[in-house]
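These notes are about the structure you will find just below.
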Amino acid sequence: MGFKYQIGQVVHATISGEQGNVKARAEYNAGPNQYFIHYQTADGRAADRWFEEGELSPSMDVEKANSKEKEGSRLAEVVSSVISDRIRKELLPGGLLYSR
């Protein structure tokens with residue numbers, strides 16, 4: 001069976017949430033693939049440890065995260081603009097609401 005994660009890929013430990021880079025991989029005849037991860041512990045120390053494949057999940061890379069943030073920001077701008085236009089159209093001169 002092949003490897004799920006690539007060397008250099010950012011992954012996180014599913015249970016602890018610690019995130020790090022894959023530095024090495026090990027494939028076994030009888031047993032799950034293992035990955036040597038360099039990560040930062042919750043208290044800020046650098047650490048290295050072997051994790052089984054099932055203990056890891058892929059992390060969203062920074063570029064994808066930034067892209068999603070920009071998409072969300074753009075959506076908020078569009079919604080705000082639509083609401084502002086709608087409010088302007090509903091108001092009469094003098095600030096009174098127009099009722100249909």
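The values are calculated or read from the model by the stated rules, or taken from the named source; none is laboratory data. Remember, predicted model here, so these are calculated numbers, not experimental data. Neighbour counts are summed over all protein chains in view; Cβ atoms, including those assigned to glycine, are modelled from backbone coordinates with ideal geometry.
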Next on the checklist: Among the residues that make up segment 25-39, is at least one of them in a helix (DSSP H, G or I), at pLDDT 90 or above and surrounded by 11 or more Cβ atoms within 10 Å (Cβ to Cβ)?
Outcome noted: no
Checklist entry - On the given criteria, is Tyr5 among the hydroxyl-bearing types (Ser, Thr, Tyr) and free of Cβ contacts under 8 Å to residues at least 24 places away in the same chain? => result no
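Looking for whichever is of a type in the set (Gly, Ala, Ser), at pLDDT below 95 and part of a loop (DSSP other than H, G, I, E, B) here; the options are Ala65, Ala76, Ala42. Which one fits?
Numbers: Ala65 fails: part of a loop (DSSP other than H, G, I, E, B); Ala76 fails: part of a loop (DSSP other than H, G, I, E, B).
Exactly one of Ala65, Ala76, Ala42 is of a type in the set (Gly, Ala, Ser), at pLDDT below 95 and part of a loop (DSSP other than H, G, I, E, B), namely Ala42.
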Checklist entry - Looking at (1) surrounded by 12 or more Cβ atoms within 10 Å (Cβ to Cβ); (2) more than 19 Å from the chain's Cα centre (by Cα), can you tell me which one Asp48 breaks? => result (1)
